[in-house]
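The block underneath contains the structure these notes are about, expressed in C-alpha cells.
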Amino acid sequence: MAKVFFLYDKNSLFLKDQMRESDQNMYYYFDNVEELFLCLFENHCDLLVIYNLQLKDQKNISKELMCIFELIPSLSIGDCTLSIYQLINEELEKQLFLEKKNISTRLLLIEKSTSADTAKELISIFCNQFFTNIQQLQQHLLNLDRANLKFLAHNLKSSSANIGALRLPIYFSLLEGINGFESDFYIKLLISIALGEYRKVIEIVNIIL
Amino acid sequence: MENKILVVEDLFEYQRLIQVSLGLKYKIDLAETVQDAKSKLKNNNYLLIILDVHLPDGSGFDLCREIQFETRHQETPIIFLTAKNTTSDKVLGISIGVDDYIVKPFDPAELVARVDLRIMKSMKKKQIENSFKSGPLRFEINGLRLYVENTNEEKKVDVTPIEFKILLKLAQNTNCVFSRQQILDSVWGYNIYIDDRSIDRHISSIRKKIEPYQKIIKTVSGIGYEFKV
C-alpha cells in the first residue's frame, strides 16, 4: 500500500470527496505546506500529488523547502481530474519499476562478476547495518554534530549505491553536501525521506530475493 | 615481493566485494583507517594499493601524497576507489598522480581488469629498469645475470659479480676508452689496492665466456679497454 500525499486548496476540495474507497493507496490530504512537512517527518511519502492551484501559504515556502518538492517523487495533476487515480497508480508503478530494475541489474552484475552468494551477502550486510546507521544519523543531528553526519551520509550514499538503489544515494549525497547554512529542519526532512526510501528498498530487495 | 595488495577501505560491504573480486588472484591486506594503513605500509611491500578517499581518521588524498614521498612505496601503483564522484574530486585525485580513479559503485570485473593492468604495467616497468641491453649482451642488473645472443635465443652466461660489473661498466659506455685504474675505481671503489693487471685477467676470462663476441671488448694499447658494438 503506497502513501500518497495530496496537496490541495479550497478550489480542489472536491477531489477529496472523490476519493475512491476501492483505491488501495493511503491518501493524506493537506491544504497547507507546513502541515505537509510536519507529516513528512512521521510518514514516508511515496508520491506527492500537487493540484496545480494557488497555495494559500505559498509565499512562506523558502527555496530550501522547495527543494524538497524536487526530492519527493511528485505528480502535478493540473486541472485534469478524470483519471486522477489511474495517473497516481501509473506514476507509483513507474517509480517502483525503475527502482526495482536498477537494483536487479546491479545485483545481477555482482552475481555475474563474483557469485550469487556474494550478492546475497552484500544485501544482508546492507539490511543489517543500514537502519542502525540511520539512527546514528538522527543522533548526530540531535547532537548538532554535522561533521559526523556528513561522514556517515557519505558512507550511506556509498552503501546504498552498492546494491543499486536509485533514490537513496541522491538523498545522502544532499546530506553529504550540507555546508552549515541549511536548517536542521531541512536535514531532518531529508533523513525522514531517506528512512522511508530505505524501507521501500528493503521491500524491493525481499521481492527480488 | 609477495602477491599482496593493500586495500584501505572502511565500509564492510566494499571490503567484502573487493576481497571476493581480487582474493582469488591476490593476497588482500585490509586497513580500515589511515593509521592502520600507515602501520601496514611500514612493515610490508605491496604490488598495488587501493585507497578509499573518505576515511574515518583522515583523507585518502593526503595518505596518497605521503606514500608517494616514501622511497619504499614510491613505485607502487595506487588506485583510488571512492564514492566521491564529482569532476573536481576526480581532477584532484588524478592531479595527485594516482594511477587510476574508480568511482563506487563499481563493477567487480572492471576492478579486477584495472588492477591486473596496473600491476602488469608496474612489473614491466621494473623489468625494463632492471634490464640493460647492449649489442648481443643483455644484463639483468638486480640478479647480476648476463645473457648472450645465440642465433634466435638468449644463452645465460655464468660470470662472477666482479666480471659482471666490469662488463656492465664498459657496455654502458660504448665507444669510451677506460684505463685499468678507472675500471678498478668504479668496480672496487677507491682506496683499495689491487694490481691493475688483475683487470687483464678478468677481461680475458670475460672474453672466453662471451664467445663468439669476444671482440666487442677491444684492448686499447697503453691505456685500457673499450666496448665496441
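Before moving on, here are some points about what is shown:
- Remark on residue B:59: its backbone amide H falls under 5 Å from none of the residues 5 or more positions apart or on other chains, H modelled at 1.01 Å from N.
- A dipole drawn for segment B:189-229 from +1 and -1 charges on Cβ atoms has a positive end, and of B:223, B:205, B:193 the residue lying farthest that way is B:205.
- Our helix-only sum for the protein assembly as shown, with -39,500 (n - 2.57) per DSSP H run of n ≥ 4 divided by its residues, gives a mean residue ellipticity at 222 nm of -17000 deg cm²/dmol.
- Its Cα centre serving as origin, chain B has a Cβ charge dipole (Lys and Arg +1, Asp and Glu -1) of approximately 1140 debye.
- Sites residue B:160 and residue A:120 - FRET efficiency at Förster radius 60 Å, r taken between beta-carbons, to 0.05: 0.50
- Anisotropy class of segment B:54-142 from Cα gyration tensor, a/c 1.5 cut: prolate
- Flagged links, alpha-carbon separation over 28 Å, of B:126/B:165; A:157/B:38; A:94/B:104; B:121/B:209; B:90/B:125; A:112/B:25: B:121/B:209
- Ranking of A:8, B:213 by neighbouring Cβ atoms within 10 Å, starting from the fewest: B:213, A:8.
- The label point for residue B:27 and the one for residue B:142, both projected 7 Å from the Cα toward the Cβ, are 1.7 nm apart.
- Taking amide H atoms as placed 1.01 Å from N in the peptide plane, the amide H of residue A:49 lies under 5 Å from those of A:5, A:6, A:7, A:75, each 5 or more residues away in sequence or on another chain.
- Summarising the amide proton neighbourhood of residue B:104: residues at separation of 5 or more, or on other chains, whose placed amide H is nearer than 5 Å comprise B:82, B:83, B:84.
- Relative compactness, chain B, computed as alpha-carbon Rg over 2.2 N^0.38 Å: 1.41
- Inter-chain Cβ neighbour count for B:82-90, averaged per residue, equals 3 (cutoff 10 Å, partner chain atoms only).
- Separation of the residue B:85 and residue A:181 label points, Cα + 7 Å toward Cβ, nm: 2.5 nm
- Per-residue mean of C-beta atoms belonging to partner chains within 10 Å, peptide A:163-173: 1
- Computed over segment A:112-209: relative contact order in percent, which uses C-alpha pairs under 8 Å that are six or more apart: 26 percent
- Positive dipole terminus of the protein assembly as shown, leading residue within B:146, A:125, A:142 (C-beta point charges): B:146
- The alpha carbon gyration tensor of segment A:78-209 gives principal lengths a ≥ b ≥ c with a/c of 1.5 or higher and a/b no greater than b/c, which makes the shape oblate.
- Backbone N under 11 Å from the residue B:197 label point (7 Å along Cα→Cβ), restricted to segment B:206-226: none
- Ordering of B:68-76, B:32-40 by burial proxy (mean other Cβ atoms within 10 Å per residue, highest first): B:32-40, B:68-76
- Whole-Å distance, taken between Cα centres, linking segment B:97-137 and segment B:47-66: 19 Å
- Unit charges on C-beta of K, R, D, E only; dipole of the protein assembly as shown, Debye: 2600 debye
- R0 of 60 Å, Cβ-Cβ distance residue B:207-residue B:12: FRET efficiency to nearest 0.05: 0.40
- Measuring r between the beta carbons of residue B:132 and residue A:86 and using R0 = 56 Å, the FRET efficiency lands at 0.10.
A short reminder: the numbers here are calculations on the coordinates, not readings from a lab. Given the structure is predicted, the values throughout are model-derived calculations rather than measurements. All Cβ positions, even for glycine, are placed from backbone atoms using ideal geometry, and neighbour counts span all protein chains on display.
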